[in-house]
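Since the structure comes first, as structure tokens, the remarks are kept for the end.
The values are calculated or read from the model by the stated rules, or taken from the named source; none is laboratory data. Keep in mind that what you see is a predicted model, and the values were worked out from it rather than measured. Reconstructed Cβ throughout: ideal geometry from the backbone, glycine too, with neighbour counts over all protein chains shown. Surface accessibility is based on the protein's heavy atoms, side chains included, excluding ligands, DNA and RNA. Shrake-Rupley method; radii C 1.70, N 1.55, O 1.52, S 1.80 Å.
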Amino acid sequence: MKKTLKWALLMSLCAVLFSALMVSCGGDDDKDDDADKNNELLVGTWSESGSWNGSYGPDSNGNYNYGYIFNADGTYVFFGSGKSPGTYTFVDNKLILTDKYSSELKIVKTLNENVLVLVEEDEEYGDEVYTYYRVNEGSPDHGSSTPDEKAPYDGNFYGTWHGLIDFDEIAIDLTFKKDGTYTELCYGEESRGRWLISGNQLTISDKSIIANSHGTQYKIVSCTASRLNIIATQNNDNLIFTKR
């Protein structure tokens, strides 16, 4: 009787351990699937402008277009001021880039079919955020990661918008163009960047005052022929613009 009881307890323990092992393996498989999907999304050419003419340095006008080429074999090339090759590892949201001089860690804040947002964390001077757009191979100028062909919000989004940011202290004009670029006029100075709409999510490049103040990600609450209302994902600030 005692042997039978011991045998039953042993079998029960083995069943529990086997179940736990299967659950653990299943969880690992899910993580591996997510990692594979992220790695597949990362592979490709990304640039600040959303296009690339094959040059690793500045164009004939002296303009710099920085970006990355991530290959499936774990190698990459950084371009813009020259050709800088290296290797990379991408685990969870951590991207480690290693060249012949050093290694650096970047946090992948956003990664989807069209947009890659990288963050360099710096406790002393503040984090740096860089936004890149996927370059579609095969089209002129290696393609352009422009918004959907269907005009967003019935075309109301295009044009110049005027509003106030930073506690209504800074007046700003934003002009969104059909080619996926925009200009910002603030304090009499003009800056340029790229924009992308996916659903009700607006992503803009980080070379402008509005991006530096409120981040690069926005939720579009409404967009009519005369009024644009967006909310900054970074700090939930509600921004209202009127059409010029």
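For the residue pairs Lys109/Lys178; Lys37/Lys219; Lys106/Lys219; Lys37/Lys109, alpha carbon separations beyond 19 Å are given by Lys109/Lys178; Lys37/Lys219; Lys106/Lys219. Fully extending the segment from Asn200 to Lys177, taken as 0.36 nm per residue of separation minus the present Cα-Cα distance, adds 6.5 nm.
When only alpha carbons are used to place a centre, region 211-244 and region 50-115 end up 29 Å from one another. Computed on region 176-244, with alpha-carbon pairs under 8 angstrom and 6+ residues apart, the relative contact order is 18 percent.
Sorting Ser81, Ser222 by solvent-accessible area of protein heavy atoms yields Ser81, Ser222, largest first, with a 1.4 Å probe. Taking a sphere under 13 Å around the Cβ of Thr75 and counting the other residues whose Cβ falls inside, with K and R at +1 and D and E at -1, yields a net charge of 0.
Packing around the peptides 103-109, 172-178, taken as the average count of other Cβ atoms within 10 Å per residue, puts them in this order, highest first: 172-178, 103-109. Shape class of region 175-244 from the alpha-carbon gyration tensor: rounded, with the ratio a/c of largest to smallest axis under 1.5.
Proximity of backbone amide H atoms, modeled 1.01 Å from N, is registered between Arg194 and Tyr182, Ser205 at under 5 Å, excluding neighbours fewer than 5 places apart on the same chain.
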